[in-house]
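Since the structure comes first, as structure tokens, the remarks are kept for the end.
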Amino acid sequence: MPLENTSAERIAAIHAAQRDYFRSGATLPADFRRIMLRRLEQALRQWERRLCDALWQDLRKSPEEAGLTELSIVRSEVRNHLRHLGRWMRPERRPSPLKLFPSASRILSEPLGTALIVSPWNYPVQLLLNPLVGAISAGCTAVLKPSPYTPHVSATLRAMIGEIYDERYVAVVEGNRDVNTLLLDRRWDLVFFTGSPELGRIVMAAAARHLTPVILELGGKSPCIVDRGADVETAARRIAWGKTLNAGQTCIAPDYLLLHESLADAFPAAYARALRRLHGDDARQSPHYVRLVNDRAFDRVASYLAQGTVRLGGRTDRAERYIEPTLLTEVDPLAPVMREEIFGPVLPVVPFRTTDEAVAFVTEREKPLALYYFGPEKSGREVLRRTSSGGACLNDTIMHIANEHLPFGGVGDSGMGRYHGHDSFDAFSHRRAVVETPTWIDPPFRYMPYKLFRYVKRIL
């Protein structure tokens, strides 16, 4: 299902119309923002079947997985914003020092303006609409650019957004990277991009021409450490779930496994049992096992299978874009499978002897978007203290993204900025410092010729 590129003329018209609409002040009232959030919430219910059908067509994502990883997360985000919007919008009082007497100091949250939101294909509903919730909540207008690799989802979202919003307020623009270039050539008040670090650098360079702030939700190689003392069965089940969710096409999926050498046999056996519980004896027959997004993705992930010893899995079917959940051992740390984000169901395993060795392996590489540790909680907290990542879980995977009260974002090569909940509101807002000074008194000490300065300097 090929998508038609939105023309440069139409992009320019939408951009100009949204800037004018924002300047009119229509998006500022709290009641307006609440109405727009409720429209999105209602649309998600009314369009649920159509969105799930589109996700199945593009990714073979089951309705259950679509509900769990796409729709429910957006719904929770909307409800959170509706619950707290009034408080987030209130001016925040700050102390005023004596030297500013009798002034009062406040921080006002004001919308940045017109935002561009560019989303990837792996969670094409969640990663487009979740940032939109923040834009609406903050009082911005928004242009949405879904991925062309999920054309059925893109077309469905375009129809849904067109039904509930005036395009002067929220609009969907479709097409390939040429359209991305056209969009990035324009001046926005914020660019919110989710994708690879390589594309993130391109987005950041384009935004720099206009000094446009960016939020970059990128990726990287998220490590998973299974230490001595871990509950092996639980660890295997949670890792297998996190790795095979969306067939590993998740930016916070465990990307490689650091496995304590004492668990070299116990963990693979537990992982095999976990996979059978999740997907049956043949994952290809599971209604909940997603396929790779396209032939190019399949070929790339399949190429990793030759870069180590297949300990478990390894079967493929290019016609279906199917790759069996796979454990890969005896991998070279310098091989592409250990340098590139896998974005598939292949999990390379690297043994370690001490926790210090595992920590060194992680810290010698770029800061990841997520880090997972399985083992004693005390040891896990020490590992977190000595490492850095966008987010983390102790004795779990993925689940930190499901809490709308926690910020989500990267650090270093895995991104910049954060969103979800209050952080989304702040992401699309400018926190404006304001000092309010009455006129009933006008202290003379700040004025030239500073006759009283020798006394005043004591309080400065």
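Every read-out reported here was derived from the displayed coordinates using simple, explicitly stated rules and does not represent laboratory data. Note that this is a predicted model, so its numbers are computed, not measured. Here the Cβ positions follow ideal geometry from the backbone for every residue, glycine too, while neighbour counts run over all protein chains shown.
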For segment 353-457, which chymotrypsin sites (Phe, Trp or Tyr not before Pro) pass both filters: DSSP loop (anything but H, G, I, E, B) and at most 16 other C-beta atoms within 10 Å?
440, 447, 450
Within straight cross-link reach of residue 145, meaning Cα distance under 26 Å, which lysines are found once same-chain residues fewer than 8 apart are removed?
61, 221
Let me spell out the model: positive unit charges on the Cβ of Lys and Arg, negative unit charges on the Cβ of Asp and Glu, origin at the Cα centre of the chain. What dipole size does that give, in debye rounded to 20?
2080
Mean residue ellipticity at 222 nm from the helices of the chain, using -39,500 (n - 2.57) per DSSP H segment of n ≥ 4 over the full residue count, to the nearest 500 deg cm²/dmol?
-12000 deg cm²/dmol
Of the listed peptides 280-291, 61-72, what is their order by residue-averaged count of other C-beta atoms within 10 Å, with the highest listed first?
61-72, 280-291
For residue 451, which lysines qualify as cross-link partners when the Cα separation must be under 23 Å and same-chain residues fewer than eight apart are set aside?
99
Env charge @ residue 96, Cβ radius under 12 Å, K,R +1 / D,E -1, value +3
Treating only the Cβ of Lys, Arg, Asp and Glu as charged (+1, +1, -1, -1), what charge dipole size does segment 214-339 show about its Cα centre? Round to the nearest 20 debye.
260
Relative to the longest principal axis of the chain, what angle (0 to 90°, nearest 10) does the C-alpha long axis of helix 266-279 take?
80
Out of all DSSP beta bridges in segment 223-402, what portion is antiparallel? Express it as a percent rounded to 5.
20
Once residue 208 and residue 453 are pulled to full extension, the length gained, defined as 0.36 nm per residue separation minus their Cα-Cα distance, is 83.8 nm
Would you calculate the separation in nanometres between label points at residue 53 and residue 98, each defined as 7 Å from the Cα along the Cα-to-beta-carbon direction?
7.2
Could I have the simple spin-label model distance between residue 201 and residue 233, label points 7 Å from Cα toward Cβ, reported in nm to one decimal?
4.7
Using DSSP to call loops (not H, G, I, E or B), can you name the GluC sites (Glu not before Pro) in segment 1-59 whose Cβ has at most 14 other Cβ atoms within 10 angstrom?
4
Taking the Cβ-Cβ separation of residue 24 and residue 276 as r and a Förster radius of 60 Å, what is the calculated FRET efficiency to the nearest 0.05?
0.55
Would you please put 190-203, 121-134 in order of how densely packed they are, using the mean number of other Cβ atoms within 10 angstrom per residue and starting with the highest?
121-134, 190-203
